[in-house]
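See structure below.
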Amino acid sequence: MYSVGLNSCQYNYSTTGNVKVAPVKNIEQNQSVQLNPAVTSPINNTIPYNPSFSASALRTRLNSTEEKNKYNAISAQLDKSSRKQLKELLKSGILLNANSNDRSSVLDNLYKILQNDRAPGLPNEVILKDTIAILNDPHIITQQFGDIPKNMNEKLIDKYMDDNNMNKDKLIPRKLADLDINVEHSGTCVASSIEFNLAKKMPAEFARFVEGISSPRMSVDKTIQLKNLTENTLDSIWLLNAFEVPFKMDNFNNAKLTFAPDKNAIIRARIQVANKDPNERSSVDVLMQSTLMQIGSQQTYDSLSDKRKGKFNQNDKGLIEFEKTFTESVVEDKNKVSVTYQTVDDNARLIGYETDFETMKHQISDALKMGENVIIGYTQVDDNNEIINGHEITIIGQKYDKNGKLIFICNDTDDDIPNAIEYSAEYLLPKIHHAGLPQEVVKDDVKLVENWVEGLKSYNEMKKNKSNIADLNQQKNAA
């Protein structure tokens, strides 16, 4: 495994796959394929695209006295800008959408955020305002960490050193701790992409998550269907145990999972409440991204350093493909398949493709036609086709330009642009390393391999590598 970074985002790519599918065929790289990222420039644009749900599911009028009372109570606590956003949520049908795990609506959860206690240091009005703003325009979600106020820096260095058993009396460890907590390059592109997708496609579930993880309990429960992880219940239970997600079995088909941010997320969230600068994460972004990183990293993420540990990954930043797929699957309660398109050797060199670009195009397009957004991991290479950058973005729509060329409409949480952006298919397809797709889209194109098989493979490889390193160290000590 190896890690590559793009701007301030790091994403880990595994040379062994870590996917749920096997390729139909391999296509050798050839001269006709342009891999240099400078060949075509992306087009930035502001485009409203893909409503969160179909028109038939919209409800835009407050029908009951209870709904009207909740709406008025919320509206009374908002400033002019947020009140306007609340009206837009009602007008668009988002406010009364109830596509959540417990059938509560966006309105229900906004009211809970307002009326019920929040975790210490998280004012109700701030969490309420942040949530409304995100639901009104999910493109404002960002992965950009905020700076630590100078008056808190030394205290947080001490905490971080205590947490990691570092010697606080030594100058070098203290400087290293200072570098670790003053995060310049975030590794949460996977988490922020999943956060965006949840806010865009399942606004009621997003609001329910926020209400739970910002409450004094700082967690949210979600009941999932085990068949959306694997075909076999025992294999699904193995996966949940492997990722160390707290859960209880409701029956042989369903399980109730508990998601929570890491213990230091509250520190970052409080900082953003009082010190948020433009283009930095909101307090809601902090809590959501921490929660999603915890799910994928086997509960080992640390919001102070943006680093993780875990049994499936040798790197301390970001999530690997297998971890991303698991996180998407349990958060959305959908059977997600991660399809790997690029063939990469052990030296991080792009040597070919697992399938042709037309197949890639129709798989992504079919998913979009189903109303699904597609989170992709893409790479950039140098003149020798060695991967130098990698990043995670979300394809949210498509269109054709005046020349009939396909354009993908995307969201990027790391570009400081709070709008949709456009990439030509010709530019983007050669760069896509993997894509998270519904199983229905790919079942006729690929041979499915169960998720837990890849997980067990990764786990065994990690154990083997650690054992080899231990043996080498033992031999050096003996010499």
So what are the ³J(HN,Hα) numbers for the range 316-326, from phi and the Karplus equation (6.51, -1.76, 1.60; θ = phi - 60°), rounded to whole Hz, Gly and Pro as x? 9, 10, x, 10, 7, 4, 4, 5, 4, 4, 4
Over all Cα pairs of the range 310-353, the Kirkwood radius sets Rh, and Rg/Rh then becomes 1.05
Semi-axes, largest first, in whole Å: what does sqrt of 5 times each Cα gyration tensor eigenvalue give for the range 187-234? 22, 16, 12
Long pairs among LYS311/LYS361; LYS84/LYS431; LYS336/LYS399, criterion Cα-Cα beyond 32 Å: LYS311/LYS361; LYS84/LYS431
Karplus ³J(HN,Hα) for the range 123-134 (6.51 cos²θ - 1.76 cosθ + 1.60, θ = phi - 60°; Hz, whole; x = Gly/Pro) runs x, 3, 5, 6, 4, 4, 4, 4, 5, 4, 4, 5
Output for the range 80-146: trypsin sites (Lys or Arg not before Pro) sitting in coil per DSSP, at most 10 other Cβ within 10 Å, listed by number, reads ARG103
Mind pulling the per residue volume of the convex hull built on the Cα atoms of the range 264-381? Å³ is fine. 153
So what are the ³J(HN,Hα) numbers for the range 175-185, from phi and the Karplus equation (6.51, -1.76, 1.60; θ = phi - 60°), rounded to whole Hz, Gly and Pro as x? 5, 5, 5, 4, 5, 5, 7, 8, 5, 9, 10
Please tell me the relative contact order of the range 352-392 in percent, rounded to the nearest whole number, where contacts are Cα pairs under 8 Å and at least six residues apart. 25
Once amide hydrogens are built 1.01 Å from N within the peptide plane, the residues lying 5 or more places from GLY397 or on another chain with amide H under 5 Å from its amide H are ILE409
For THR142, residues with placed amide H under 5 Å, excluding near neighbours: SER282
Between LYS150 and ARG61, what FRET efficiency comes out of the Förster formula 1/(1 + (r/R0)^6) with R0 = 45 Å and r the beta carbon distance, rounded to 0.05? 0.35
In whole percents, the bins of 5 Å from zero upward hold the Cα-Cα pairs of the range 91-170 as 3, 11, 13, 16, 16, 11, 9, 9, 8, 3, 1, 0
Let a ≥ b ≥ c be the square roots of the eigenvalues of the Cα gyration tensor of the range 352-398; is it rounded (a/c under 1.5), or, if not, prolate (a/b larger than b/c) or oblate? oblate
Hey, can you rank 202-208, 309-315 by average C-beta count inside 10 Å, highest first? 202-208, 309-315
Amide H within-cut-off set for HIS433, under 5 Å, with H built and near neighbours excluded: GLY377, TYR378, THR379
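Read-outs throughout are calculated quantities, based only on the coordinates presented, and are distinct from any laboratory measurement. Note that the structure is predicted; figures quoted are calculated from it, not measured. All Cβ positions, glycine included, derive from the backbone under ideal geometry; neighbour counts span all protein chains shown.
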